[in-house]
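Reading through the structure tokens given below for one structure.
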Amino acid sequence: MARNQHHVTIKGRRDGLVFVLDDRCPFSDLLGELEFKLEKSHNKLLTGPLMHVHVQLGKRQITEAEREALHNMINRRNLVVQKIESDVAEPDPHSTHKVLTGIVRSGQVLRHVGNLIFIGDVNPGGTIQASGDIYVLGALRGVAHAGDAGRRESVIAASYMKPTQLRIADVISRPPEEWGTSDTAMMFAYLEGERMEVEKIVHLPRHRPNAVEIYKGE
Amino acid sequence: MGEAIVITSGKGGVGKTTSSANIGTALALLGKKVCMVDTDIGLRNLDVVMGLENRIIYDLVDVVEERCRLEQALVKDKRFDELYLLPAAQTKDKHAVEPEDVKKIVDMLKKRYDYVIIDCPAGIEQGFRNAVAGADQAIVVTTPEYAAVRDADRIIGLLAKEGIHTPKLVINRTRINMMKSGDMLDIDEICQVLAIDLLGIVPDDEYVIKAANAGEPTVMNPSSKAAIAYRNIARRILGDSVPLMAMEEKGGILSKVKKLFGIG
């Protein structure tokens with residue numbers, strides 16, 4: 001039994017017990033070792049006062065059935081499982097694009113954490129807001145705010161770019177008087193230092209090579 | 001079972017009440033049983049435009065507060081046997097009734113009439129919620145101005161939230177010559193932004209003001225351009241396909257309209 005003793009580490013904390021479970025061994029080994037520890041080597045744990053147990057799975061992802069099994073294994077006598085959690089790193093919301101369709105009408109605010117592709121119009125008085133990039137396949141006539149949590153490399157692109165106002169991070173731009181162009185078709189906006197620049201979408205890869213993967217031809 | 005249509009706009013002064021009176025009357029003219037409901041409590045106008053003010057005995061709030069039966073509050077029109085008006089109260093405000101109260105009344109009216117035309121107050125607060133509560137359909141009235149279109153857009157969003165997903169658009173007070181010269185938002189631009197079906201275009205017509213002041217709905221006068229527009233709208237509500245005013249105003253008719261406006 002000694003060889004798998006190190007899969008389960010039990011620590012005491014002020015608010016209860018922490019079971020740290022190894023995340024590389026097979027799940028059945030964990031159950032076996034838990035059984036052994038609770039029944040044999042650490043059986044005096046079961047005789048104390050009511051104790052909350054916090055189970056940490058490391059990077060392991062478990063199924064509902066496995067969660068149930070863990071729960072049943074530990075939840076005996078005075079032990080009460082309070083939490084079973086994996087510390088899986090949250091995927092970066094800016095590595096994917098959310099696709100939505102509809103119309104953002106006057107008075108409506110569409111907010112998204114991450115990058116947003118919106119298929120439809122954003123009308124005057126409406127707001128589209130994302131922590132990452134915003135791509136509007138339609139007419140952008142309202143307000144768009146990309147990088148609303150401070151991500152300055154964010155861009156705003158639109159098939160028809162005639163916004164009331166554009167914001168990227170904390171920079172506000174009122175078109176078109178502040179822009180060098182009066183073009184409205186297939187445009188995108190990005191930050192160049194403290195200034196917002198507007199250019200044709202074809203130039204996106206030049207200014208933001210990391211915004212999306214670039215097609216380089218066959 | 002009839003259909004309840006709310007006439008709304010968000011912005012004030014674009015012609016909700018005028019449109020309600022004229023669409024209601026035009027439907028009656030086409031032989032339908034119609035009841036108009038004024039939900040602008042505290043600022044009732046529909047009765048004045050219809051010329052029925054002096055016939056009011058009870059109102060919507062009286063019905064809600066059970067001071068009278070629904071039938072007692074209905075005012076019969078002086079021109080048509082099957083056209084009625086349920087007037088709003090002039091002394092209370094929007095908070096005197098709840099959306100459920102209005103819904104109950106509209107549901108009762110729908111059983112007896114082909115069309116229940118609900119005149120909505122301006123704004124997006126309680127008055128709006130009261131007006132749309134019982135409605136199956138909505139007509140959004142706007143004028144060719146940015147502010148009015150902005151508010152119409154807001155209203156379309158709010159109507160969707162209330163479960164009315166396919167409202168129809170009426171563009172009121174259009175001036176063809178100003179649209180052509182680019183001084184006024186044109187029909188296509190408005191329709192592009194609002195992205196809902198166009199039910200009709202009503203030309204700006206001085207006769208509308210005269211008729212409203214006389215308590216006579218514009219549609220009663222077939223020589224008025226606006227009257228024809230409202231009659232066409234009523235026919236489209238009944239499902240007829242009638243070409244739009246803009247198309248009708250080509251050639252000979254256009255010059256007649258110009259003369260009517262004194263710009264020819």
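The values are calculated or read from the model by the stated rules, or taken from the named source; none is laboratory data. Quick caveat: nothing in here was measured; it's all calculated off a predicted structure. When we count neighbours, we look across all protein chains shown, and the Cβ atoms used for this are built from the backbone with ideal geometry, even at glycine. Ligands, DNA and RNA are stripped out before the accessible areas are found, and what is left, the full protein with its side chains, is counted by its heavy atoms. Shrake-Rupley method; radii C 1.70, N 1.55, O 1.52, S 1.80 Å.
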Residues located in segment A:55-67, provided they are over 25 Å from the mean Cα position of the chain (by Cα) and either in contact (Cβ under 8 Å) with a residue 40 or more places away in the chain or open to solvent by 70 Å² or more (accessible area, probe 1.4 Å) (or both): A:A65
Look through segment B:118-143, keep the residues that are within 13 Å of another protein chain (Cβ to nearest Cβ) and assigned to a strand (DSSP E or B), and return whichever of them is nearest to B:T25 (Cα to Cα). B:V140
Given (1) open to solvent by 50 Å² or more (accessible area, probe 1.4 Å); (2) more than 11 Å from chain A (Cβ to nearest Cβ), number of the condition B:R154 does not satisfy: (2)
Determine, yes or no, whether A:L45 is touching a strand residue (DSSP E or B) at 6+ places or on another chain (Cβ under 8 Å) and modelled with pLDDT of 85 or more. no
Take the conditions polar (S, T, N, Q) and buried (at least 16 other Cβ atoms within 10 Å of the Cβ) and apply them to B:T91. Does it pass? no
Where a residue in segment A:125-142 is within 14 Å of A:T184 (Cα to Cα) and without any contact (Cβ under 8 Å) to a residue 24 or more places away in the chain and its partner, wherever it lies, is surrounded by fewer than 24 Cβ atoms within 10 Å (Cβ to Cβ) and charged (D, E, K, R), with Cβ under 8 Å and at least six apart: A:A139/A:K162; A:L140/A:K162; A:R141/A:K162
Residue count for segment A:162-179, restricted to those that are polar (S, T, N, Q) and either surrounded by 15 or more Cβ atoms within 10 Å (Cβ to Cβ) or not assigned by TED's automatic domain parsing to the domain that holds A:V122 (or both): 2
Considering segment B:107-144 alone, what residues qualify as being touching a strand residue (DSSP E or B) at 6+ places or on another chain (Cβ under 7 Å), closer than 21 Å to B:V75 by Cα and open to solvent by less than 10 Å² (accessible area, probe 1.4 Å)? B:L109, B:V116, B:I117, B:I118, B:D119, B:C120, B:A131, B:G134
For segment A:128-155, what are the residues that are of a type outside the set (A, V, I, L, M), away from chain B (no Cβ under 12 Å) and not in a loop (DSSP other than H, G, I, E, B)? A:Q129, A:Y135, A:H145
Out of the residues in segment A:116-126 that are open to solvent by 30 Å² or more (accessible area, probe 1.4 Å) and at negative phi, state the one that is nearest to the other protein chains (Cβ to nearest Cβ). A:D121
Checking B:N172 against (1) outside any loop (DSSP other than H, G, I, E, B); (2) within 17 Å of B:V14 (Cα to Cα); (3) within 14 Å of another protein chain (Cβ to nearest Cβ), the condition it does not meet: (3)
Test for B:V149: is it closer than 17 Å to B:P203 by Cα and in a helix (DSSP H, G or I): yes
Exactly one of B:Y146, B:Y115 is touching a residue at least 24 places away in the same chain (Cβ under 8 Å) and within 12 Å of chain A (Cβ to nearest Cβ), and that residue is B:Y146
Being among the small types (G, A, S), within 15 Å of B:V132 (Cα to Cα) and either under 18 Å from the mean Cα position of the chain (by Cα) or assigned to a loop (DSSP other than H, G, I, E, B) (or both) is the requirement here; does B:G10 meet it? yes
Do we have B:D205 as surrounded by 16 or more Cβ atoms within 10 Å (Cβ to Cβ), of a type outside the set (V, I, T), within 14 Å of chain A (Cβ to nearest Cβ) and touching a residue at least 40 places away in the same chain (Cβ under 8 Å) here? no
Suppose the filter is over 19 Å from the mean Cα position of the chain (by Cα), away from chain A (no Cβ under 14 Å), acidic (D, E) and not in a loop (DSSP other than H, G, I, E, B); does B:E100 pass it? yes
Criterion (of a type in the set (A, V, I, L, M), open to solvent by less than 80 Å² (accessible area, probe 1.4 Å) and in the same structural domain as A:D133 (by TED's automatic domain parsing)) met by exactly one of A:L70, A:L38, A:L46, A:L100: A:L100
For segment A:103-115, enumerate the residues that are within 11 Å of chain B (Cβ to nearest Cβ) and open to solvent by less than 30 Å² (accessible area, probe 1.4 Å). A:V104, A:R105, A:S106
Checked pairs for segment B:177-200, first more than 14 Å from every other protein chain (Cβ to nearest Cβ) and free of Cβ contacts under 8 Å to residues at least 12 places away in the same chain, second of a type in the set (S, T, N, Q) and surrounded by fewer than 19 Cβ atoms within 10 Å (Cβ to Cβ), C-beta under 9 Å and 6 or more apart or across chains, list as B:D183/B:N177
